[in-house]
């Protein structure tokens, strides 16, 4: 160890001594003030804007920062909590209104809102934060752009507590996009004090520290091991969390996670596999909350860059060869909602996702194959993402069997998680593959925008249809109560039914197993831990 | 052999190891570059566009030709710079400094445990060759090495944590309720003992126990086999025969003369077994959520995290070289004859 | 297994002796464990050869209706999450696992022996160069090197074999080099040299055969290790492609089902793996007793 890292380690040690942990505390007797959570992935940054920040790290933006607005909360039929996409609520902004011409939104900030250092939240902080979100590039910029938030010039400080966003177009996506984790409000005074000429956005500082106004602060971060949240007693954007501290432990083996929650050593195992969810539901001392992931479908992608898959009859034949029910049973353990067996080839409403009009029908599949230009079958590969092998591998094997029945010979190709993105989404070079895109903003047109337009990231099928492009262009920013909206979206769905560049298998659910003592678990579209409403009885 | 000669021996050993270290650096570099992943695309995160991926490629220097990248890497190495791990977002040197003690604590603990059982087993077997006790020792040791470590680990976990509840929850080096002791050696058990904190030391040892047993089972065989072989040879050597003929007490004969001589080859293999155990760590750490360098390396390799893989391999190679040097030095200290063929 | 006993390298200074068979009989008779090992080996070999014929079910055929059934009369070892018969899969996997380990060991045996004898016999630059090469491999954490090779080249059966072979080369190279060093000045080599034999010929005919016995011991011990190595690669996702049955992958995947109570998924392939490695290791021991009798006194 060199001197520098030794000093850092020493500093970290003294830092942790400041955390008022009980020195000796048997886990089973954890005081009500603490919730322990097991997650399976690692948190690699405290800054969602940084390049390379992975998805599990988004929870920091949720728990340690506030935004201008937030989504509401609703109680589901099973008693669990879910965010409510249909309701936008105040967060740091107490109110907002459109300008007369509708081309600007004016936000009034709450007077009592303060950052953790006690300084008030001002419009200057908001501008600095949103400027940062659109300027650092990468995923944050892309997500902001989805809400038509593209340039720093759009963000205007009117006065200390008044903030304006100038719109480049009217879009239904702008306000919801301000409620996703990305446009979090950072304490710009603290951040600027830690910025350097090389690093004007203080990425180095905010990578390791938080400077927000959110429900928690970070008491400790041991990369690769745990993160400890400490309740922010000055939080003003909601009722204080019922726990003083939340310990998030990284437990890579999911079998271990399950054992931990079953034995009561953790209060929550976040995102457990479908199989565990099904089995733990039957146990008394563990509660399982399964939430359908909105706007997300597990599907089979057929790449139109490959000759046989260009033929729509081949694609439909494949759609009829898939053993849907078996897949849902053995790969999905019956969790989530079926996306096959739709009644009609024309959609009745704009609900999305909705079942496609296909079912397992080998006879029909054979007929379609015979009528195609590849009647004698062909050979290709089914690619799966190694990181998602738990559902993709059994799914691929069952699809492989189904395909064999209609003369399509396949080999299953496992691709390591890091290469997956490049191969499937960037280069789009996988002939048949499994795909799991879900859109954060819950509109069908938003899903189509990402997954059915040529060149767009999640269109791993290289699907290209001018009519779809036109319809998406028209509906993407249109308010849903516009009378033209529903017919156009129905047409989009109808095209997806017939053309099937993506064959939906099922809509997955996010399952978490928890102790009955833990309350306030809430499902969010971002599928990360929200500990803001936690309490332990 | 004088002090100077010994010093020269150590010096020449270090010089000899330099080409191997360079070879490791070169091979690792080539190997990581051959990994099929694109770190720039990974680093850019989900939904990043081609432009931002290209920016990152330039920022990471990945757009330059490979030989140039290699020279830049060597330059960084010379100044002690190992780069930043993409997957954990931390400087590699900090990651290694934090994780190496965890792995070493586990490995050394396992080796000590293994020695405590394997050496007596080997001696016993050698004293009764061909007898049931010999076969029993052989079967136990061989069975241990015949099981994949991840399987043993999970099976132990299942029985001792899940069913019986004797073992603490497998969530790393210390239950969340305990504070890690002040950093002196980096080994939690020792550090807690130094601080006089028996409770924490016990908790840390509790976490350590199952992974340690898993690894120890795996190393039982080579050590027991080596001890048995060396002991057998020592027992038939001339000086023991002479001693026996002169009527020396059997216990003293075995315990003092034969055993001491037999320990020489055991010490030499220990270095090899150690590095082999460090390798087996990779899998055990994953099962027990142990925050060591092995699990770090696996994750890094899977996501094509160049800097992390390179840093890991290099540090292991250096460790290995140092270890062999130590073994050599210990060996020359015990047995002066060796110096001649250094 | 990293087992480079100094005594082993100097063993069998002379060519295999005529009483080899007698000693084999003696070892087998005096050591019932070795006898058991031999029996086990024959069984495994038979399973490897006839496994696909004996399997009661198609090891690849899925049947969602009987997924995750515990062992029963119809399914001796139970079924996996896709309803495939675990017994058939374990049986059929024998051939692939044997093939991987035997191929890997054979490859490292040949390459290691070539490097070792040549560098031991010629010395000088050949020796120094190969020495550095071997040192480099040895300085790697071996399992991680194997991981790196498979990750870089792609996870196919061939690449797993190459990776396993590469990390084993140093053991063979060292053993043969030591033998060659000792023998290059021995009388019978000198005599061959005087009678006009070329260097390569001497290496092939006089030196290499003498290095065979200790190498055979090493190889036998290595076979088990090669299987474990492949299993470890499977555990971190770098194994053979699905749906090919392979013990390592089956244990690795089954391990996730232990906590939820489906123990048979990991236990049976794990047991097959263990018995095989166990047999190879015991065989290695017995073989050593035969070629290196001093170890048994």
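Values in this text are rule-based calculations from the coordinates and carry no lab data. Since the structure is predicted, the reported quantities are computational estimates derived from the model, not experimental observations. Quick reminder, even Gly has a Cβ in these numbers, built from the backbone with ideal geometry, and neighbours come from all protein chains shown.
As a proxy for reagent exposure, ranking A:343, B:286, A:244, A:151 by other Cβ atoms within 10 Å from fewest up yields A:343, A:151, A:244, B:286.
Run the paramagnetic zone check for residue A:312: 7 angstrom along Cα to Cβ, then residues of region A:453-479 with backbone nitrogen under 15 Å. Label zone hits: A:463-469. Entry for the protein assembly as shown at q = 0.06 Å⁻¹: log10 I(q)/I(0) = -0.54, Debye formula applied to identical alpha-carbon scatterers, no solvent contribution. By its C-alpha gyration tensor, with a ≥ b ≥ c as the square roots of the eigenvalues, how is region C:46-90 shaped: rounded for a/c under 1.5, else prolate for a/b larger than b/c, else oblate? In terms of gyration-tensor shape, prolate.
Reducing region A:393-461 and region A:465-505 to their Cα centroids gives an inter-centroid distance of 20 Å.
List A:433, A:477 from most exposed to least, where exposure is judged by having the fewest other Cβ atoms within 10 Å.
A:477, A:433
Please state the relative contact order of region A:107-232 as a whole percent: Cα pairs under 8 Å, 6+ residues apart?
Across region A:107-232, relative contact order equals 24 percent.
Distance from the Cα centre of region B:150-228 to that of region A:76-143, in angstrom? Rounded to whole Å, the Cα centres lie 47 Å apart. Each of A:458, C:41 was scored by other Cβ atoms within 10 Å of its Cβ. Arranged with the fewest first, they read C:41, A:458. For region A:70-130, the gyration tensor built on C-alpha atoms gives an oblate shape. Its axis ratio a/c (a ≥ b ≥ c) is at least 1.5, and a/b is not larger than b/c.
First check a/c for region A:53-192, with a ≥ b ≥ c the square roots of the eigenvalues of its C-alpha gyration tensor; if it is under 1.5, answer rounded, and if not, answer prolate when a/b is larger than b/c or oblate otherwise.
Numbers: a/c = 1.29, a/b = 1.17, b/c = 1.10.
Rounded shape, in that the Cα axes give a/c under 1.5.
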